[in-house]
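The values are calculated or read from the model by the stated rules, or taken from the named source; none is laboratory data. This is a predicted model, so every value here is computed, not measured. So basically every Cβ, Gly included, is an ideal-geometry build from the backbone, and we count neighbours across all protein chains shown. Side chains included, ligands, DNA and RNA excluded: accessible areas come from the protein's heavy atoms. Shrake-Rupley method; radii C 1.70, N 1.55, O 1.52, S 1.80 Å.
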Amino acid sequence: MRRLFHISLFAFSWLLFGLCALVVNLLCAALLCVPGARTRFASLSRQLLQHFFSAWNAWLDFTGLVHVRWHGFENIPLHGGAVWVANHPGLLDATFLLSRLPDAICVFKPSMRRNPFLAPVALLADHLACATGTEFIRSAVERVSAGRTLLIFPEGTRTSAHLTLNPCKTGFALIAARAHAPIQIVVIRASRDLLPRGRRWWQVPHFPAVVDIYADDRLEPEPHRPVRATAAFVEERLTEQLTGSPCLVS
């Protein structure tokens, strides 16, 4: 009976999420028709998205489906130009972090442009579609240099259920180096079946699920440090924290 209750509640929660997301994106789609919308309404839409995700996370906690615990975030700056990098164990990771980071932008998959529940608000909020090449790097550097917080999952996709961490790409380190911005490492430890790679959003995990999110090392800009060395350090640090007992502020 308890499992059946969780399945029903999980389905209802996704329905609620979809309906609320549709309303938010219809509003943003209308605003996109206004001349200069991305300049005039970008900050407002980021705030709207943050409140939406905060409400969603509060709902998951209230229902007992997912409990998110934050560690060390009260001791670090959440505003200003910085590149935040985190491992990506589950589908909900971005909603957790964007609910906590004020005025942040995120790198999303290009396929999200076709998602009616997410695309309009992502475009209006000035989030970046992941791509290769100099144009993507330049756009990201401009935003971080202007004081934006940029959230990147360097694995490029969710972690496979049988892995601790997928290989990390180096783009985040290049962006931080060119923007002369710090890198904030975030470690996410989540229940293994909480929608990892290969598991669809409708596949019900075991509840209650617990997600621990740790603010780890902060790497200040070092002009002469090679990009690959920075990326390798971050990957090693994430692997170390995920395979051992994290020595982090709790």
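Of all the criteria given as (1) under 17 Å from the mean Cα position of the chain (by Cα); (2) under 30 Å from Met1 (Cα atoms), the one not satisfied by Ala209 is (1). Among the residues of region 16-26, what is the count of those that are without any contact (Cβ under 8 Å) to a residue 40 or more places away in the chain and surrounded by 13 or more Cβ atoms within 10 Å (Cβ to Cβ)? Total satisfying the criteria: 2. Take the residues in region 167-211 that are part of a loop (DSSP other than H, G, I, E, B) and among the basic types (Lys, Arg); name whichever of them is surrounded by the fewest Cβ atoms within 10 Å (Cβ to Cβ). Top of the filtered list is Arg200. Here Ser13, Ser45 are screened, and the one residue that is touching a Cys at 6+ places or on another chain (Cβ under 8 Å), of a type outside the set (Phe, Trp, Tyr) and touching a residue at least 40 places away in the same chain (Cβ under 8 Å) is Ser45.
Counted as qualifying within region 18-104 are the helices (runs of 4 or more DSSP H) with 2 or more residues that are within 17 Å of the chain's Cα centre (by Cα), namely 42-63, 93-100. Could you tell me whether any residue of region 35-47 is of a type in the set (S, T, N, Q), within 30 Å of Ala173 (Cα to Cα) and open to solvent by less than 60 Å² (accessible area, probe 1.4 Å)? Yes - at least one qualifying residue is present in region 35-47. When restricted to residues that are modelled with pLDDT of 90 or more and open to solvent by 90 Å² or more (accessible area, probe 1.4 Å), region 1-15 contains 2.
Given the condition closer than 30 Å to Ser13 by Cα, modelled with pLDDT of 90 or more and not in a helix (DSSP H, G or I), answer yes or no: does some residue in region 215-230 qualify? The answer is yes, given that some residue of region 215-230 is closer than 30 Å to Ser13 by Cα, modelled with pLDDT of 90 or more and not in a helix (DSSP H, G or I).
Condition check ((1) open to solvent by 60 Å² or more (accessible area, probe 1.4 Å); (2) touching a Lys or Arg at 6+ places or on another chain (Cβ under 6 Å); (3) at pLDDT below 85) across all residues:
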residue: Ala119; (1), (2), (3): no, yes, yes
residue: Ala122; (1), (2), (3): no, no, no
residue: Leu128; (1), (2), (3): no, no, no
residue: Ile137; (1), (2), (3): no, no, no
residue: Ala140; (1), (2), (3): no, no, no
residue: Ser145; (1), (2), (3): yes, no, no
residue: Phe153; (1), (2), (3): no, no, no
residue: Arg158; (1), (2), (3): no, yes, no
residue: Leu165; (1), (2), (3): no, no, no
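Taking the numbered list (1) in contact (Cβ under 8 Å) with a residue 40 or more places away in the chain; (2) open to solvent by 40 Å² or more (accessible area, probe 1.4 Å); (3) hydroxyl-bearing (Ser, Thr, Tyr) in turn, Thr95 passes all entries but (2). Once region 167-203 is narrowed to residues that are out of contact with any Asp or Glu (no Cβ under 9 Å at 6 or more places or on another chain) and aliphatic (A, V, I, L, M), the residue that is modelled with the lowest pLDDT is Leu195. Among the residues of region 79-92, those identified as open to solvent by 10 Å² or more (accessible area, probe 1.4 Å) and out of contact with any helix residue (DSSP H, G or I) (no Cβ under 7 Å at 6 or more places or on another chain) are His79, Gly80, His88, Pro89, Leu91, Leu92.
Determine, yes or no, whether Ser111 is open to solvent by 40 Å² or more (accessible area, probe 1.4 Å), among the hydroxyl-bearing types (Ser, Thr, Tyr) and in contact (Cβ under 8 Å) with a residue 24 or more places away in the chain. Judged against the criteria, Ser111 is not a match.
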